[in-house]
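The values are calculated or read from the model by the stated rules, or taken from the named source; none is laboratory data. Bear in mind that the values here come from a model prediction, so they are computed numbers and not experimental data. Positions of Cβ are backbone-derived with ideal geometry, glycine not excepted, and every protein chain shown enters the neighbour counts. Ligands, DNA and RNA are excluded from the accessible area calculation, which covers all protein heavy atoms including side chains. Shrake-Rupley method; radii C 1.70, N 1.55, O 1.52, S 1.80 Å.
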Amino acid sequence: MDADMRQVDAVIHARLASQVALINQIGSYIVSAGGKRIRPRLVLLFARALGYAGPAQHELAATIEFIHTATLLHDDVVDESSLRRGRATSNAIFGNAASVLVGDFLYSRAFQMMVSAGSPRVLEVLADATNVIAEGEVLQLMNMHDPDLSVDEYLRVIRFKTAKLFEASARVGAVLAGADAALEETCATYGRALGTAFQLVDDLLDYEGNSDELGKNVGDDLREGKPTLPLLVAMQRAGEAERTLIRHAIEHGEVERLPEIIAIVRRTGALEATRAAAEHEAAQARASIAALPASAARTALLDLCARAVHRSS
Ligand code: GRG
């Protein structure tokens with residue numbers, strides 16, 4: 001697997017190349033900062049779990065990492081974030097315009113790569129996924145500063161903005177291996193549940209985590225007035241005065257009272273509730289692939305479920 005991931009990295013570096021210097025500079029800045037490479041790993045693991053060992057997997061795994069990287073560049077501009085992968089964000093260093101445009105380069109390069117892979121089904125999966133991710137971001141924008149957001153609406157956003165690319169990664173691995181529609185759906189169910197668990201933990205780490213380990217600033221969600229599950233649960237469980245404080249912070253994006261809000265979130269058990277929701281999704285992911293033939297790849301997919309929930313970065 002490590003050798004395969006090195007091949008994916010080689011494709012990433014090769015396909016990053018452009019005749020435009022600033023693209024090379026920003027592209028290698030964000031790519032060399034690393035990242036966990038979970039989505040390309042999913043492509044390889046599903047391909048392998050279903051018996052595929054052909055050459056297209058590295059190219060398509062890299063394609064998905066490019067789509068992911070493009071969304072990060074755009075997201076950091078939208079969120080005005082200053083720290084990502086333990087470094088100053090690209091927007092902080094090179095500015096918003098350059099970040100958005102290099103995101104466009106990576107996104108369109110990903111489409112060149114998937115077209116050359118020559119599978120209409122892969123094209124369809126990735127075109128649909130990127131469209132849903134964009135819908136998720138717009139939905140999230142519409143939900144900003146809304147303390148009355150329902151848990152269902154919150155879950156809809158995370159299934160769109162995050163779980164969809166996990167789902168697409170699993171589907172692409174399955175398509176490569178020639179899976180029929182039912183087997184592709186099995187893999188998609190895993191990806192959707194794992195991606196949902198992953199974002200739930202992302203949202204909890206924004207309150208529980210530590211910026212050094214996370215590589216990004218904690219408290220960013222509150223600063224932006226994002227009503228994530230830790231806050232929604234804390235509001236349900238807190239008394240009147242504390243609920244008013246959280247509502248006000250969501251409405252106005254107040255970060256000054258972050259320590260008080262973290263204390264309420266902790267005391268009401270909202271972090272445990274968020275982790276329990278993530279555990280529930282991870283269990284669904286595990287259950288969905290229980291019937292796949294036993295293999296090292298399937299074991300790695302099962303392990304990934306635990307790692308998605310019990311992580312600090
Ligand atoms: C360019 C298709 C396209 C859409 C733009 C801005 C936007 C619309 C989408 C943003 C979607 C987004 C960033 C969702 C959050 C997903 C998430 C949890 C990112 C962090 O993933 P990790 O932890 O990152 O896997 P690393 O750094 O490990 O790669």
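Kindly state which helices (runs of 4 or more DSSP H) lie completely within the stretch 174-257 and contain at least 1 residues that are surrounded by 22 or more Cβ atoms within 10 Å (Cβ to Cβ) and touching a residue at least 40 places away in the same chain (Cβ under 8 Å).
Numbers: elements: 181-208, 211-214, 220-223, 229-237, 240-252.
The qualifying helices (runs of 4 or more DSSP H) are 181-208, 229-237, 240-252.
State which residue is surrounded by the most Cβ atoms within 10 Å (Cβ to Cβ) when the search covers only the stretch 65-80 and only residues that are under 16 Å from residue 215 (Cα atoms) and near the ligand (Cβ under 10 Å from one of its atoms).
Within the stretch 65-80, the subset under 16 Å from residue 215 (Cα atoms) is 69, 72-73, 75-76, 79-80.
If we keep only those that are near the ligand (Cβ under 10 Å from one of its atoms) as well, we get 69, 72-73, 75-76, 79.
On the way: 69: 22, 72: 20, 73: 27, 75: 19, 76: 23, 79: 18.
Applying the filter and picking the extreme gives 73.
Report yes if residue 45 is away from the ligand (no atom under 13 Å from the Cβ), within 22 Å of residue 181 (Cα to Cα) and not basic (Lys, Arg), otherwise no.
yes
Can you tell me which residues in the stretch 125-166 are closer than 21 Å to residue 103 by Cα and among the charged types (D, E, K, R)?
128, 135, 137, 161, 164 - these are the residues of the stretch 125-166 that are closer than 21 Å to residue 103 by Cα and among the charged types (D, E, K, R).
Can you pull out every residue in the stretch 81-90 that is away from the ligand (no atom under 12 Å from the Cβ) and either in a helix (DSSP H, G or I) or more than 15 Å from residue 29 (Cα to Cα) (or both)? Break it down stepwise before answering.
Here is the first cut: in the stretch 81-90, the ones away from the ligand (no atom under 12 Å from the Cβ) are 82, 88, 90.
Across the stretch 81-90, the qualifying residue is only 90.
Keeping to the stretch 11-24, report how many residues are assigned to a helix (DSSP H, G or I) and touching a residue at least 24 places away in the same chain (Cβ under 8 Å). Talk me through it step by step, then tell me what you get.
First, pick out the residues of the stretch 11-24 that are assigned to a helix (DSSP H, G or I): 11-15, 21-24.
Of the ones still in play, those that are also touching a residue at least 24 places away in the same chain (Cβ under 8 Å) are 11-12, 15, 22-23.
The number of residues fulfilling the criteria is 5.
Here are the criteria: (1) surrounded by 21 or more Cβ atoms within 10 Å (Cβ to Cβ); (2) closer than 21 Å to residue 115 by Cα; (3) not basic (Lys, Arg). Tell me which single one residue 49 does not satisfy.
(2)
Suppose we filter the stretch 148-173 for residues that are open to solvent by 10 Å² or more (accessible area, probe 1.4 Å) and among the polar types (S, T, N, Q); how many remain?
2
Which is within 15 Å of the ligand (Cβ to nearest atom) and assigned to a loop (DSSP other than H, G, I, E, B), of 34, 51? Talk me through it step by step, then tell me what you get.
On the way: 51 fails: within 15 Å of the ligand (Cβ to nearest atom).
Residue meeting the stated conditions: 34.
Taking the condition within 12 Å of the ligand (Cβ to nearest atom), surrounded by 20 or more Cβ atoms within 10 Å (Cβ to Cβ) and of a type in the set (A, V, I, L, M, F, W, C), does residue 62 pass?
Working: within 12 Å of the ligand (Cβ to nearest atom): no; surrounded by 20 or more Cβ atoms within 10 Å (Cβ to Cβ): yes; of a type in the set (A, V, I, L, M, F, W, C): yes.
No.
Quick one: is residue 139 under 17 Å from residue 171 (Cβ atoms), open to solvent by 20 Å² or more (accessible area, probe 1.4 Å) and not basic (Lys, Arg)? Don't jump to the end; show me each part of the working.
Working: under 17 Å from residue 171 (Cβ atoms): no; open to solvent by 20 Å² or more (accessible area, probe 1.4 Å): yes; not basic (Lys, Arg): yes.
Here the answer is no, as residue 139 does not meet what is asked.
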